[in-house]
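The values are calculated or read from the model by the stated rules, or taken from the named source; none is laboratory data. The structure presented is a predicted model; accordingly, all values stated were derived computationally and were not measured. For neighbour counting, all protein chains shown are included, and Cβ atoms are generated from backbone atoms with ideal geometry for every residue, glycine included.
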Amino acid sequence: MSERDSPQTPEGGTPIAAADPVYLADPVLDATVRMVVELAAQVWVERERRITIEQLLEARGLLSRADIEAFKPDASQAAALKAERSRFLEDVFKELRRIPLKS
Amino acid sequence: MSAQREVVPETMPTLASRTDAAYLDFVEGFREYLLGAGANFEARLNAALESAGVQDLEDIRRYVHAQPLGQLRDRLSRTQQEMKWHALRRSFDLQRKELAAELAAWDARGPGRLVLDPAFVPPPYVNVHFHLQPGGYYKDELSGFLYHYGTKVFFRGGNDRDELHGKLVSLVPPPSDGRVARVLDMACSVGQSTTAFKKRYPAAEVTGIDYSAPMLRVAHRRAAMLGEDVTFAQTLIERTGFPDAHFDITFAFIVFHELPLRIIHETVREAARVTRKGGLFAVFDFTSTADKSPFQRYHRWFDARHNGEPYSQDFCDCDLRSILESNGFTVAGTPLDERSGGAGYMTHWFATRV
């Protein structure tokens with residue numbers, strides 16, 4: 001494993017590793033681990049939101065589960081969902097760009 | 001009213017969305033899982049190192065790096081830190097204009113005073129992205145907000161209202177003659193110990209200094225929100241510009257491990273100059289290498305190289321007590337690790353100017 005130093009300018013001390021160090025035997029493994037952790041974060045974010053919404057809806061008697069199942073987004077809602085999906089994909093899979101080429 | 005006075009208001013910047021807050025909540029929990037009994041990395045790796053009898057740091061590193069468990073531990077440690085900054089920066093970027101305007105609105109408001117030096121040039125040694133914070137401590141106008149929220153995750157939500165700073169300040173004994181008219185908080189960052197000192201000594205003139213203008217602006221906003229009349233000034237801790245023997249208490253919280261050895265010596269010399277005879281120089285910082293387990297020594301190296309703490313190994317290797325003593329201090333020797341750090345990574349030096 002070869003590892004570059006950072007362009008930051010500490011005076012002496014321990015050299016700082018440059019961005020994206022590889023810790024595992026294969027950079028693909030590093031990316032895979034990052035994606036798994038990111039997915040766990042995304043799952044938690046969604047679960048936290050869903051629990052919040054369900055509790056609010058239930059407390060206020062505003063909505064039934066059948067309403068949620070039957071929901072069809074209009075054009076602007078669909079566009080907003082697509083933008084959210086892009087953000088989600090970027091969060092999880094941005095790691096793919098960080099796998100270095102073999103020298 | 002008097003009951004409300006006890007409640008410290010929330011001064012943490014608000015995130016752009018509930019999604020961001022939930023994401024950072026995950027990172028906070030994940031970090032705790034990695035550090036503690038959840039993943040149980042430290043206990044297992046340390047037991048393995050001790051039973052293998054590995055002593056030399058080079059050998060410790062080789063041993064940990066040869067273990068898939070050690071490799072994965074490093075990967076995950078780095079990842080949770082990167083995730084934190086990624087989420088925080090994105091969340092603040094979304095409200096950058098509003099946050100900048102918020103800072104500008106507080107700059108000239110009191111109580112308290114903000115003294116920035118437009119001609120200030122940061123020395124090269126501070127060009128480090130400490131803890132991987134994007135832009136380090138001073139290159140982003142929102143560096144102070146990033147830092148404050150970053151430490152929220154670091155302290156696992158236990159310091160949102162400066163609880164830790166309040167506790168540490170309460171442990172600092174007053175000088176033996178009891179006179180506390182002026183207090184200096186060196187490298188005050190967002191000013192959490194500065195305001196804690198003002199609460200403890202309401203009649204004293206309390207000053208926080210730092211090189212980072214973005215940190216000082218957040219410090220001033222926080223102090224003004226808390227109603228504390230303190231001064232924040234942009235200056236180097238190794239060259240403060242204050243008169244000789246000006247302060248009764250000089251304070252430095254977890255800054256020494258972020259200084260090159262040369263600056264550690266200069267800062268102690270400067271503290272000796274500005275602290276009056278009989279006054280106290282109180283330092284909280286990392287425990288020394290001699291007090292660390294093999295795994296803790298490994299972690300100090302990892303933190304230095306992979307978490308933007310390049311000076312921390314040299315600090316832990318140095319003898320701060322003898323540096324203090326050779327600059328005109330006597331150092332009280334009561335170990336307070338448990339009380340001062342709570343996690344056993346921190347200790348203190350309470351040095352009296354003779």
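Residue B:37 meets each of the listed conditions (1) more than 14 Å from chain A (Cβ to nearest Cβ); (2) free of Cβ contacts under 8 Å to residues at least 12 places away in the same chain; (3) of a type outside the set (Asp, Glu); (4) in a helix (DSSP H, G or I) apart from (4). Kindly check whether there is at least one residue in segment A:67-82 that is at the interface with chain B (Cβ under 10 Å from one of its Cβ atoms) and either surrounded by 10 or more Cβ atoms within 10 Å (Cβ to Cβ) or of a type in the set (Ser, Thr, Tyr) (or both). Within segment A:67-82, none of the residues are at the interface with chain B (Cβ under 10 Å from one of its Cβ atoms) and either surrounded by 10 or more Cβ atoms within 10 Å (Cβ to Cβ) or of a type in the set (Ser, Thr, Tyr) (or both). Within the set B:223, B:204, the sole residue that is surrounded by fewer than 22 Cβ atoms within 10 Å (Cβ to Cβ), farther than 30 Å from residue B:50 by Cβ and aliphatic (A, V, I, L, M) turns out to be B:204. Just one residue in the set A:99, A:16 is within 26 Å of residue B:86 (Cα to Cα), at the interface with another protein chain (Cβ under 8 Å from one of its Cβ atoms) and not aromatic (Phe, Trp, Tyr); that residue is A:16.
Only residues that are in a helix (DSSP H, G or I) and either among the basic types (Lys, Arg) or free of Cβ contacts under 8 Å to residues at least 60 places away in the same chain (or both) were counted across segment B:95-133, and they come to 8. Do we find that residue B:85 is more than 14 Å from chain A (Cβ to nearest Cβ) and assigned to a helix (DSSP H, G or I) in this structure? The answer is no for residue B:85.
Within segment A:41-52, restricting attention to residues that are loosely packed, with under 13 Cβ neighbours inside 10 Å and not basic (Lys, Arg), the residue that is nearest to residue B:78 (Cα to Cα) is A:43.
With respect to the stated conditions, residue B:248 fails to be outside any strand (DSSP E or B) and either in contact (Cβ under 8 Å) with a residue 12 or more places away in the chain or more than 14 Å from chain A (Cβ to nearest Cβ) (or both).
Of all the listed residues (B:64, B:115, B:121), the sole one being closer than 30 Å to residue B:231 by Cα, within 14 Å of another protein chain (Cβ to nearest Cβ) and at pLDDT 95 or above is B:121. In the set B:199, B:167, only one residue is under 16 Å from the mean Cα position of the chain (by Cα), among the charged types (D, E, K, R) and more than 25 Å from residue B:140 (Cβ to Cβ); that residue is B:167. Taking residue B:136, is it within 14 Å of another protein chain (Cβ to nearest Cβ) and assigned to a loop (DSSP other than H, G, I, E, B)? Yes, satisfied.
Yes/no matrix, rows are residues, columns are (1) within 14 Å of chain A (Cβ to nearest Cβ); (2) without any contact (Cβ under 8 Å) to a residue 60 or more places away in the chain; (3) under 19 Å from residue B:78 (Cα atoms):
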| site | (1), (2), (3) |
| --- | --- |
| B:263 | yes, no, no |
| B:270 | no, yes, no |
| B:282 | no, no, no |
| B:286 | yes, no, no |
| B:293 | no, no, no |
| B:297 | yes, no, yes |
| B:302 | yes, no, yes |
| B:307 | yes, no, yes |
| B:314 | yes, yes, no |
